[in-house]
Amino acid sequence: MGELSEFEPGDKVPNDGKYTEVGEKAFHMGINDPQTVTLKQGDTFPETSNKNRKWKRVK
């Protein structure tokens with residue numbers, strides 16, 4: 001099994017890094033002005049701009 005790549009608000013951060021919001025249709029349409037946050041391992045993911053979004057690590 002691989003590591004999770006998308007995270008819900010309230011989940012614990014697995015690795016230090018920058019995370020950005022992604023949406024259910026982000027692959028096709030993109031998200032206008034997504035939030036980006038820098039978090040450390042063990043932090044909690046903040047709320048997203050809307051309930052259909054999740055957090056994903058920026059490479």
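The values are calculated or read from the model by the stated rules, or taken from the named source; none is laboratory data. As the structure is a prediction and not an experimental result, all values here were calculated from the model. As a convention, Cβ positions derive from the backbone with ideal geometry for all residues, glycine included, and neighbour counts pool all protein chains shown.
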Unmet criterion (only one of (1) in a strand (DSSP E or B); (2) modelled with pLDDT of 95 or more) for residue 21: (2)
Tally of residues being within 13 Å of the chain's Cα centre (by Cα), among the hydrophobic types (A, V, I, L, M, F, W, C) and at pLDDT below 95 across the stretch 24-42: 2
Considering residues of the stretch 5-18 that are outside any strand (DSSP E or B) and either under 18 Å from residue 52 (Cβ atoms) or in contact with a Pro (Cβ under 6 Å, 6 or more places away or on another chain) (or both) only, the residue modelled with the lowest pLDDT: 5
Residue pairs meeting the criteria (Cβ under 6 Å; at least 6 apart or on separate chains; first of a type in the set (Asp, Glu) and modelled with pLDDT of 95 or more, in the stretch 43-56; second part of a loop (DSSP other than H, G, I, E, B) and surrounded by 13 or more Cβ atoms within 10 Å (Cβ to Cβ)): 43/13; 47/9
